[in-house]
Amino acid sequence: MLVKIIDGIKGHKKYFFYGSSILFSRGVEYLILFFAPLMLSKQDYGELEFYKRIIEFSSTILVFGLPTLLVTYSKSYRSKTYLLIFSLVVIISLSMLTIPFLYYLNYLFLLIPILFYAIFFSNGVLQMYFLVAKGSNTASLFKIIVSSVFYSGVFLLIVYSKEPALAFVNSGYFLFPLGLIVMGWLIYSLKPKIKIFFKYLKLFKKLLISSSTLVISTIANMMFMYSDIFIVKILSPNPSIEIANFSFVLNITNMIILIPMTLVQVDIEKIKKESYDWLQGYRKKTFIYTSAFSIFIMLGYFILINTFYEAYKDTMILFLILFVGKIIQSNSVFLGTQVLIKKYFIENLKINLITVTFNVIASYLCYLKFGLLGIALVSALSLAIRYIVLMFYYKKIYR
């Protein structure tokens, strides 16, 4: 028995290493997110969160589903190499198109950090390239190194910089030149040829068009996550303070989603193959684990705002509303995965577009009347609507 266990560990050590790199990356991110509101004023913390979310959202638009193409469609080592180059061309081209828009909004200084996220950071094109072309160990090592250096920079900037609200921005600036050196060395070592690149170009364009439905759906899903912050920024008389309150609560309640997301990623192959009865049992198991973890989150939040984070003591009602919304969302993770596995891409796009449209319009109107509580209520309602629609398609699949 012991020999079998050891053999099993050896056979799955690369998955364990890659999974550990994901946990490490998320862990250091949460350390920063807990450390920042403890060290910064609400004004600075609110601005820090706002810039972080703009960078994350904009980088998702720039990558345009290219990491998914790298993982899904590239076959030979050569195709992966040229798809990486094609991805870089697309990202740089799209970034050029965003310059007038960013300049008009006075956010042009965010362009370099956005590019850094899109190319080098978690789930960027280089991360996915290492995964499919060099293996999970190389991808894990790259992920750990980038996360460690980046968040160390963020930490130092929060503590010592005169502008701590720009910590995520400036850390990207410091690392981007180093990233370009690494990228230049990598491309040089691959020795790409222009003629072969143009041979692949037609295929890559078709792949990009064929995946556009999933790309638009991903962007709509991201917009659902970040539209609340943008509305507060536009409408609030004290945007940084309210963004600080909302982000503090949101970052903690988002931890609830980690349980179903992790379980689904680990068991994705089983989920693809098993029967309806097994899937129902799996949903029940996920619900039990998530509920137990949610109780821990609720108790932890109550302790935090009465000890270290007393500045956020008045956010308890906001927390409870978002807490309910995240419980609902946690039950949607499995359903959404099923819809994608069964290739209901058009339906998934409709769900995300309808939900995000409702969320943006209703949040705008409710914020004017009820403030942050109105936005939180709309968010929970939108997640409930999305859950109901996903459940409809889930039952339709197995009817």
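The values are calculated or read from the model by the stated rules, or taken from the named source; none is laboratory data. What you see is a predicted model, and the numbers here were worked out from it, not measured in a lab. As a convention, Cβ positions derive from the backbone with ideal geometry for all residues, glycine included, and neighbour counts pool all protein chains shown.
Before moving on, here are some points about what is shown:
- Any hit, the stretch 196-211, residues being more than 25 Å from Leu365 (Cβ to Cβ), among the small types (Gly, Ala, Ser) and at pLDDT below 80: yes
- Filtering the stretch 372-389 to residues that are under 14 Å from Asn331 (Cβ atoms) and β-branched (Val, Ile, Thr) leaves Ile385, Ile388, Val389.
- When residues in the stretch 93-132 are screened for being surrounded by fewer than 21 Cβ atoms within 10 Å (Cβ to Cβ), farther than 12 Å from Lys143 by Cα and of a type outside the set (A, V, I, L, M, F, W, C), 8 of them pass.
- Single condition Ala220 does not satisfy, out of (1) closer than 20 Å to Ser95 by Cα; (2) buried (at least 18 other Cβ atoms within 10 Å of the Cβ); (3) free of Cβ contacts under 8 Å to residues at least 40 places away in the same chain: (3)
- Lone qualifier among Phe302, Phe392 - being among the hydrophobic types (A, V, I, L, M, F, W, C), over 14 Å from Thr253 (Cα atoms) and surrounded by fewer than 19 Cβ atoms within 10 Å (Cβ to Cβ): Phe392
- Residues satisfying the stated conditions in the stretch 108-166, i.e. in a loop (DSSP other than H, G, I, E, B) and small (Gly, Ala, Ser): Ser122, Gly124, Gly135, Ser161
- Taken as a whole, the structure leaves Glu49 outside the set of residues that are under 28 Å from Asn221 (Cβ atoms) and either at pLDDT below 75 or surrounded by fewer than 22 Cβ atoms within 10 Å (Cβ to Cβ) (or both).
- In the stretch 344-362 there is no residue matching the filter, namely being out of contact with any Ser or Thr (no Cβ under 9 Å at 6 or more places or on another chain) and buried (at least 20 other Cβ atoms within 10 Å of the Cβ).
- Matching entry among Tyr367, Tyr312, Tyr301, Tyr289 (being modelled with pLDDT under 95 and among the aromatic types (Phe, Trp, Tyr)): Tyr289
- Qualifying position, being under 21 Å from Met255 (Cβ atoms) and in contact with a Cys (Cβ under 7 Å, 6 or more places away or on another chain), among Ile375, Ile295, Ile327: Ile375
- Single residue of Ser148, Ser152, Ser140, Ser136 found to be touching a residue at least 12 places away in the same chain (Cβ under 8 Å) and either under 21 Å from Ile54 (Cα atoms) or crowded, with 22+ Cβ neighbours inside 10 Å (or both): Ser140
- Looking across the stretch 327-341, the residues that are surrounded by 16 or more Cβ atoms within 10 Å (Cβ to Cβ) and either of a type outside the set (Gly, Ala, Ser) or modelled with pLDDT under 90 (or both) come down to Ile327, Ile328, Gln329, Asn331, Val333, Phe334, Leu335, Gly336, Thr337, Gln338, Val339.
- Qualifying position, being in contact (Cβ under 8 Å) with a residue 24 or more places away in the chain, over 30 Å from Met39 (Cβ atoms) and surrounded by 13 or more Cβ atoms within 10 Å (Cβ to Cβ), among Leu377, Leu368: Leu377
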